[in-house]
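These notes concern the structure reproduced below.
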Amino acid sequence: MKRFCFLLVAVTLLLTSCSTTMHTTGSNSNNRKNYTYEQYIERFYPIAVEQMQRHNIPASITLAQGLLESGAGNSALTRKSNNHFGIKADSSWKGKKTTSMDNGKNCYFRVYDNPRDSYEDHSLFLAKRERYASLFRLDRKDYKGWAKGLKKAGYAEDPAYPNKLISLIERYELYKYDSYSKKDIGNTSSLAYSYSGTRQIFLSSGLPYIIADTGDTFKSLAKETGVSRRKLIKYNDLYKEYNIKAGDIIYLDKKNSKAKKPHEYHTTKEGESLYSISQKYGIRLKKLLNMNPQFKSYAKLKVGDIIRLR
């Protein structure tokens, strides 16, 4: 089966037999953190914690599997079908499906309407199969036991699969999310609003957002998302004459008054502004300014400036 190892400079294609899931490797060979991986974690940790609360699967394991199987959200299966865990469409699957080559064979994979559905189905995939029952008797913080147990139960054929999960969990400190509760991720119920568009919805600090495309306007996005033009402008600290650019983060709900844990401070990089930082962490610009009175909203930041986030 296909596996894509999303390193900074190499992509390696591996083939294994056609099994229940398609696995995409993604761990780095050194201790440096991959920004793409960090972005994936920031987007999806609230859903992983939510799934942990609902199904008792460690959030660290869910996130590590998501990173590994989807190449941090960049695999074709994830981008086109919202399938973050490479789960195949067997005879029990009644939803939409797509085909993909796997070890020289055409295999069917499950298609989801959004990432949240993929995460929920992954939880049910584990919770409803007897072969994974022993995992649910482990301590929820025993991510090493879960990683080894998944391999033993047949989730993956790769003998290095447990070590890859453990490496991701420890490199990106995913184990900290195993101690999170509902209050640590805020209210994510806003994702349940009626959304008729086809583009992917992401999460940042428990807030839903989309990435703008060329030609998007507040009017077109309001029609697509069901969030009014006035609210889109307000939620994103913008003004009605602003011309949306491709790549802009557009929040679909009111931003937070401070960053979520564990984000305490941000060290500025080239080209960043207080506004871009407010969008990155989902903080209302006014609140960010109040926490950093030494700066003005229009102030040009220097590389290395320390910005308080909570």
Residue-normalised value, i.e. accessible area per residue, for region 266-309 at 1.4 Å probe, in Å², stands at 58
Given a 1.4 Å probe, the accessible area of region 89-161 per residue, as a whole number of Å², is 56
With all protein chains present, region 78-149 has a carbon and sulfur share of its accessible area (1.4 Å probe) in percent of 46
Checked against a 32 Å limit on the C-alpha separation, the offending pairs among K141/K245; K183/K280; K105/K182; K182/K231; K176/K296 are K141/K245; K105/K182; K176/K296
Carbon/sulfur accessible area of region 235-291, % of total, 1.4 Å probe, equals 49
Rounded to the nearest 0.05, FRET efficiency between E173 and L124 (Cβ-Cβ, R0 22 Å) equals 0.20
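Could you give the length gained on full extension between R131 and E157, defined as 0.36 nm per residue of separation minus the Cα-Cα distance, in nm?
Details: separation 26, 0.36 × 26 = 9.36 nm, distance 1.48 nm.
Extra length from R131 to E157 when fully extended: 7.9 nm.
Using the per-residue mean of other Cβ atoms lying within 10 Å as a proxy for protection, in what order, highest first, do the peptides 45-51, 171-177 fall?
The most tightly packed comes first, giving 45-51, 171-177.
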Pseudo-spin-label distance K286 to K105, built 7 Å along Cα→Cβ, given in nm, is 6.0
Here, chymotrypsin sites (Phe, Trp or Tyr not before Pro) of region 201-310 satisfying both criteria (DSSP loop; at most 11 other Cβ within 10 Å) are Y239, Y298
Taking r as the C-beta separation of K80 and Y35 and R0 as 25 Å, the FRET efficiency to the nearest 0.05 is 0.60
If the label point sits 7 Å along Cα→Cβ of S92, residues of region 126-150 with amide N under 12 Å come out as 126-133
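For every other residue with a beta carbon closer than 11 angstrom to the beta carbon of F295, add +1 if it is Lys or Arg and -1 if Asp or Glu, then tell me the sum.
On the way: positive: K296, K300, K302, R308; negative: D305.
For residues surrounding F295, the net value is +3.
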Scoring region 80-174 by relative contact order with C-alpha pairs under 8 Å, at least six apart, yields a percentage of 19
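Near Y265, within a Cβ-to-Cβ distance under 14 Å, what is the net charge of the other residues, with Lys and Arg +1 and Asp and Glu -1? Each step should come with its number before you reach the end.
On the way: positive: K258, K260, K261, K269, K280, R308, R310; negative: E264, E272, D305.
Neighbour charge sum, excluding Y265 itself: +4.
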Per the rule of 0.36 nm per residue minus the C-alpha distance, extending I211 to E224 adds in nm 3.4 nm
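The values are calculated or read from the model by the stated rules, or taken from the named source; none is laboratory data. Here the structure is a predicted model, which is why all the values come from computation and not from measurement. Glycine also receives a Cβ, built like all others from the backbone with ideal geometry; neighbour counts cover every protein chain displayed. For accessibility, only protein heavy atoms count, side chains too; no ligands or nucleic acids. Shrake-Rupley method; radii C 1.70, N 1.55, O 1.52, S 1.80 Å.
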